[in-house]
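The values are calculated or read from the model by the stated rules, or taken from the named source; none is laboratory data. Quantities reported herein were computed from a predicted structural model and do not represent experimental measurements. Cβ coordinates were reconstructed from backbone atoms using ideal geometry, including for glycine residues, and neighbour counts include every protein chain displayed. All accessible areas refer to the heavy atoms of the entire protein, side chains included, with ligands and DNA or RNA removed. Shrake-Rupley method; radii C 1.70, N 1.55, O 1.52, S 1.80 Å.
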Amino acid sequence: MSNKQPLLEVKDVKLHFPIEDGVLFKRQVGAIRAIDGISFTVREGETLGIVGESGCGKSTTARAIAQLHPVTEGNIYFEGKDLTKMSTKELLATRKNIQMVFQDPYASLNPRMTVRTIISEPLNIYVKRRLLEMSQTEIENRVEELMEIVGLSRFYKNRYPHEFSGGQRQRIGIARALALNPKIILADEPVSALDVSIQSQILNLLKDLQKEFGLAYVFIAHDLAVIEYISNRVAVMYLGKLVEIADSVLLYKNPMHPYTQALMSAAPIPDPQIEKNRKRIILKGDVPSPDKERIGCYFYDRCPKKMEYCKTHIPPMKDLVKGHQVACWLYGKKGE
Amino acid sequence: MTDTTKIEKENEQGLTNEFQQEIKGNSLTKDAWKRLKKNRMAVISIMVIALYAILSLAAPILPIHTHTKIILEHQNLRPSLTKTAGELLLEKKDLELFAFATKQAVTTTPEQKAALKKMQPNQQFDFYYDLGKEMGTVSLSASDQRIFDNLKEKVEIELLFDIKTLYYIDAAGDSKALNKLDVPKTAEALSLLTGTSAEDILNRTHKEANEQIRKELQIENENITAEELDLLLTTHLNAMRESVYNRYLKENLDGKIVNFAIDFAQQELDEVVKAGDVEFPLKTTLHMADYFTFKVEASKKHERIYIFGTDYVGRDMLARIIYGGQISIAIGFIGTITSVLIGTILGALAGYIGGKTDYLIMRVVDVLYGLPYMLMVIILMAVFGRNILNLFFALAIISWLTVARVVRGQIISLKNSEFVEAAQSMGASTWRIVFKHLVPNSLGVIIVFSTLRVPAFIMLESFLSFLGLGVSAPYASWGSLIGDAVEGMNLFPWRLLFPAMAMSLFLFAMNFLGDGLRDAFDPQSKNQL
């Protein structure tokens with residue numbers, strides 16, 4: 001897997017939302033550090049899962065990659081080209097390959113549009129901007145083709161989103177994301193709003209599509225089981241920073257970062273015997289507010305294994321074994 | 001056969017589902033129409049509004065009296081389906097004279113006096129009339145009887161007539177319409193009627209035309225001395241193009257000829273009436289002095305029937321309500337459309353783009369809100385002159401503010417939804433996001449708001465007309481009709497009632513239609529198919 005060319009490379013990306021104050025003239029008094037320096041790569045045909053609790057910056061990461069929010073610092077390379085420094089036109093041409101699937105299938109489809117209009121919209125936009133050449137009949141055929149691909153009957157194409165169930169709507173959202181033949185899909189919690197039975201259907205659909213079209217996914221979720229099922233590699237996020245990245249098998253077998261360990265222990269195991277004897281790690285306190293600049297480990301306040309050294313030194317990402325990266329002073333030498 | 005070719009083939013034949021039913025393309029508007037048809041009140045409203053539209057559009061060809069014709073004798077006649085104006089006049093006179101006679105003939109008891117004091121004049125008349133009839137002894141004096149008989153005769157013989165196109169037959173025997181003749185020919189034609197030479201007539205006409213232009217100049221330039229006016233007149237005449245000057249001459253000459261024709265027709269028709277044995281309305285062709293022929297349409301003046309009564313100068317209320325509706329509805333719709341267009345575009349852009357754009361637009365709105373809108377309208381009307389177009393303009397300028405605020409609020413509440421983010425991630429332009437995603441989703445509010453704007457505009461216009469700033473006579477609007485009627489409300493209730501009813505019905509229909517449209521444009525509404 002490691003010999004594959006990185007498709008997407010995120011390098012030291014920071015995304016801060018300014019906090020403004022002032023009566024007449026607004027001035028910046030601080031920032032919400034939604035993402036505070038993260039780096040990772042996604043290779044072609046691979047699924048990178050991102051987990052973390054609410055508010056840790058998972059969704060913002062996806063939006064930063066899609067350039068929906070301008071990043072404050074850092075670079076995002078897609079096939080070697082920096083998305084953050086592109087002109088609008090170039091960005092559009094490149095973003096054809098980066099599409100998003102959203103969390104809430106009820107909110108992510110315009111209720112005033114029929115399925116046909118929704119799925120054909122990206123095509124129409126790119127045709128209008130002369131980045132794509134397609135006739136109206138071709139678009140029509142493509143819509144029907146996409147509907148069949150995601151498992152919807154093409155007879156539904158004149159219906160409105162409210163006439164579908166959540167799973168069907170998510171299929172429409174996936175069809176829309178597939179319309180432009182992207183290379184990578186940013187899936188922002190695509191199954192968390194669905195029933196468990198429907199979740200597996202959508203996950204299997206995504207897996208099948210990956211096999212068929214060689215798609216890469218950045219898959220965001222907070223359900224550990226879902227991530228384990230779909231991901232090749234998993235990144236764990238805490239407070240705008242990555243704490244651990246590893247192959248999913250490795251990570252689930254041997255979580256190294258204290259936060260990952262705590263996260264893993266929070267997920268129930270469907271075996272009463274093991275569940276009874278299992279010792280849960282319970283973190284104290286709440287997630288601190290991300291509006292402060294930190295000089296020590298971001299997890300220091302809640303870490304069960306904290307040391308004095310962690311208070312004043314930010315741990316770098318360290319490569320341990322087989323691409324298992326951890327940002328913690330417990331591993332490797334201090335001050336390295 | 002591959003999948004795509006199969007689809008293409010089906011597309012050619014028209015897509016069918018598993019039950020062989022054809023699947024047609026669908027759009028929001030088509031879908032909305034389907035839903036609207038299910039809503040009974042909305043359909044009735046549409047029919048009512050369509051009726052109003054037909055009536056006001058077809059007003060010129062409807063068999064109604066003209067709304068500008070003033071017949072002073074027919075003031076304030078009550079509505080009647082069967083009785084002619086003449087009968088109503090006689091009835092009125094009879095009541096009046098009989099009541100007066102009774103008043104002089106009888107002495108009233110103190111209770112009756114007290115009761116009379118509280119009554120309106122027409123109720124007093126009724127009181128005396130009934131009293132006289134009850135007693136059976138009161139009779140009209142000889143002079144009163146004569147007045148009554150004179151009126152009766154007048155009602156019998158008085159005519160109203162209209163002269164259609166005049167034709168002039170020249171010496172060669174060719175007939176030509178009067179308005180197609182040039183100035184010297186017209187003068188020649190007039191000379192045949194008056195007996196004076198054509199040259200004299202032309203000279204006189206020149207003088208009169210100059211006088212007319214002088215008067216117009218005087219009105220344009222107030223506070224001007226006579227010498228200055230003379231100077232201005234010469235320069236003005238020199239600068240004037242010949243065709244324009246000729247138009248003055250032509251108008252003058254034509255007027256004279258038509259006056260001759262009217263006098264002639266009056267005499268002829270009087271004789272016809274005296275001879276009797278003619279049915280009115282009468283259509284006939286008259287020949288005047290061998291040179292002129294013209295068609296005349298004559299009807300008996302007092303045989304008109306006013307089913308909605310007449311106003312304070314004897315104009316037909318029905319015609320005035322229909323023509324007034326024309327103006328009121330036009331103001332309602334055009335004002336609404338312009339204000340909603342401006343308000344939606346600016347409000348949507350302010351709401352979506354936010355930041356400085358939003359700040360700028362909304363501060364402009366706030367400032368305009370701060371100004372008293374009546375003052376604004378008055379100033380605008382004063383600056384640009386008083387006509388209906390300026391009224392539209394003035395109303396539209398001040399009324400987009402609320403629309404802009406409402407739309408902005410809607411857009412702000414929608415702009416963070418995921419479907420907008422999805423559109424952004426697809427690379428949709430600001431314009432597309434605003435007008436394809438956000439505005440359609442706030443359409444319900446916009447439509448309801450605009451259907452409520454229509455009545456508001458009609459109200460606003462009527463208020464302006466009431467103040468004397470809106471539609472001016474001889475034109476009418478529902479507002480001005482109601483405004484005029486308020487004065488005689490107790491005595492002549494029909495003058496208030498009919499326009500008010502016409503207006504209320506229309507406003508009701510608009511409101512129901514608004515409700516229906518809101519439901520229809522919302523695919524998620526409860527009133528589904």
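Observations, loosely collected:
- Top-ranked residue of the range B:40-59 - restricted to ones that are at pLDDT 90 or above and hydroxyl-bearing (S, T, Y), ranked as most open to solvent (accessible area, probe 1.4 Å): B:Y52
- No other residue among B:T102, B:T109 is without any contact (Cβ under 8 Å) to a residue 40 or more places away in the chain, farther than 30 Å from B:Y323 by Cβ, open to solvent by less than 30 Å² (accessible area, probe 1.4 Å) and among the hydroxyl-bearing types (S, T, Y) apart from B:T102.
- Between B:I378, B:I345, B:I337, B:I361, the distinction of being surrounded by fewer than 17 Cβ atoms within 10 Å (Cβ to Cβ) and either at pLDDT 90 or above or within 21 Å of B:F449 (Cβ to Cβ) (or both) belongs to B:I337 only.
- Selection of the range B:116-138 for residues being assigned to a loop (DSSP other than H, G, I, E, B) and surrounded by 12 or more Cβ atoms within 10 Å (Cβ to Cβ) yields B:M119, B:V138.
- Those residues of the range B:215-231 which are assigned to a helix (DSSP H, G or I) and open to solvent by less than 60 Å² (accessible area, probe 1.4 Å), in sequence order: B:L217, B:A226, B:L229
- Filtered residue count, the range A:170-193, keeping only those that are open to solvent by 20 Å² or more (accessible area, probe 1.4 Å) and either at pLDDT below 90 or under 22 Å from A:T114 (Cα atoms) (or both): 4
Yes/no per residue for (1) free of Cβ contacts under 8 Å to residues at least 40 places away in the same chain; (2) part of a loop (DSSP other than H, G, I, E, B); (3) over 28 Å from B:P281 (Cα atoms):
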residue: B:H302; (1), (2), (3): no, no, no
residue: B:Y312; (1), (2), (3): no, yes, no
residue: B:L318; (1), (2), (3): no, no, no
residue: B:T338; (1), (2), (3): no, no, yes
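- Test: B:N179 is in contact with an Asp or Glu (Cβ under 8 Å, 6 or more places away or on another chain), exposed (fewer than 13 other Cβ atoms within 10 Å of the Cβ) and touching a residue at least 40 places away in the same chain (Cβ under 8 Å): yes
- Qualifying residue in the range A:2-17 (condition: of a type in the set (S, T, Y) and assigned to a strand (DSSP E or B)): no
- Total residues in the range B:408-447, condition of a type in the set (V, I, T), touching a Leu at 6+ places or on another chain (Cβ under 9 Å) and either within 10 Å of chain A (Cβ to nearest Cβ) or farther than 28 Å from A:R129 by Cα (or both): 2
- The set of residues in the range A:17-44 being more than 20 Å from A:P288 (Cβ to Cβ) and open to solvent by 30 Å² or more (accessible area, probe 1.4 Å) consists of A:E20, A:D21, A:V23, A:L24, A:F25, A:K26, A:R27, A:Q28, A:S39, A:T41, A:R43, A:E44.
- Among the residues of the range A:231-276, those identified as of a type in the set (V, I, T) and either within 14 Å of A:F40 (Cβ to Cβ) or not in a helix (DSSP H, G or I) (or both) are A:V234, A:V236, A:V243, A:I245, A:I269.
- From the list A:R159, A:R130, the lone residue that is among the basic types (K, R), within 11 Å of chain B (Cβ to nearest Cβ) and open to solvent by 10 Å² or more (accessible area, probe 1.4 Å) is A:R159.
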